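Have a look at the structure below before the remarks.
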Amino acid sequence: MPKTQILKSEIQEIQKLKDIAEIMSAIAAGNLQQFKSVKKILSSPYELVHESGVIKLSLLKHLNSISGLSSIWGFENEEFITFDSGQITHKSSTETVNIYIGSDMGFCGKFNSSVKELAKGESGERILLGKQLSGFKTRPIPLPALKVKGTQEEKSSHIDRLIKQYSADIINILDSDAKSINIVFNVLHNQTITLHQCFIDRRSMIESDLSNINHEFFDLYSRISEDQSEYLILDPDIHSVNNAIISIKKQLIIQLLSSAILDSMIAENHARSTSMESTKDEAQQIMYQLNKQMAKERQARITGELIELITSFTSLNQAV
């Protein structure tokens, strides 16, 4: 086969790769926009803050609310949730469940590899979210399927519900004896993806003996009717209040895991879009070089044929 034909075949293959990269980039960009719109309606329990140029996560407002409720009733106020946005540390205790969030799709560059390397070094119990976190004895759990139809608002609301239900299902399958949960996930900020770690201490959520708690009586007044001036005096049962605080904490964990999954999906699609854009640019550059080379080959072939024709014509004239 002539060299120009080989080059033409290579150009066609590179063009196919470029077309695939463009499609993948467009899909990732669409998902990125969709998930960012979901983030606006999903009530995230944490927010990004800057400390000495380092991006960290803050849960201060919610923790203060729980702390306030606990202090009113005299419960022990232990640190419930902590974030580590610096070096991720392994939590290998047998009482800790480690949740690593990756992705279901490839084409993400190092997005999955960084989470995967961390999960490989973990000797404790782990839950892997995302089919791309394969190669472990622990089988990865697929992320929630988010292919939904409708308007932008309907899609966002539906995805919000799907992620929350998925997170609730994950939390509900955790061993009740697990004293803590460690969640590792990616966050996109200013076009940079960084790993974050959230450590949840569940010991304050385990039923305990409340007989030693010094509960100070206080009145909650409720008007019996609008027409009467009589009030009903209420003093909530301490066990009910404790259960309510535990329920709030559980809901906060579900909300936190939902936000972590959504942030990882946003980071994943950003990584995929960036990777595909880079692939598209590289394919374009390769095609440019191949076209240039093919033009040279074509010109050389034409020049060779002209030289051969002129030589033949000259030889013919000399013979005559």
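Sorting V115, V148 from the fewest to the most surrounding beta carbons within 10 angstrom yields V148, V115. For N98, the residues whose modelled amide H falls within less than 5 Å of its own, excluding neighbours fewer than 5 places apart on the same chain, are E125, R126, I127, N182.
Checking the Cα-Cα distances for K40/K137; K3/K131; K36/K292; K131/K155; K18/K155 against a 32 Å cut-off, the pairs over it are K40/K137; K3/K131; K36/K292.
Arranged from fewest to most other beta-carbon atoms within 10 Å of their beta carbon, L42, L195 become L195, L42.
A short reminder: the numbers here are calculations on the coordinates, not readings from a lab. Note that the coordinates shown come from a computational prediction; the quantities given were computed from them, not determined experimentally. For neighbour counting, all protein chains shown are included, and Cβ atoms are generated from backbone atoms with ideal geometry for every residue, glycine included.
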